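Visitor: Structure incoming, see below.
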Amino acid sequence: MPRKKSKVPLERVSLRFPSELLVRMDRLIERGLFKSRSHLVKEALKELLKDPKYQEALREEEDDFPTLRGR
């Protein structure tokens with residue numbers, strides 16, 4: 001299946017995780033809940049940033065992230 005072109009330019013980020021966390025992530029991917037580790041991390045970060053505590057911290061800088069609005 002061809003990859004969809006992103007509407008937003010993407011940048012690569014290198015992350016390190018403990019092995020046990022990767023095992024759990026891979027289990028969720030194998031069960032079809034996520035397409036990939038990258039997809040899982042993006043979805044988890046979106047959920048984290050919905051937390052009111054983080055929304056408040058980002059509020060002053062909201063205009064710095066116009067592409068994330070409404071996602």
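Visitor: 7 Å from Cα along Cα→Cβ at both Asp51 and Ser36: what's the point-to-point distance in nm?
Guide: With each label placed 7 Å out from Cα toward Cβ, I get 2.7 nm.
Visitor: Turning to a different aspect of this structure: For a test of the definition: using alpha carbon positions, the gyration tensor, and the 1.5 limit on a/c, classify region 1-42 as rounded, prolate or oblate.
Guide: oblate
Only the coordinates and a few stated rules stand behind these numbers; no lab work does. The model shown is predicted, which means the values in this text are computed figures rather than measured ones. Heads up, the Cβs are rebuilt from the backbone with ideal geometry, glycines too, and the neighbour counts pull from every protein chain shown.
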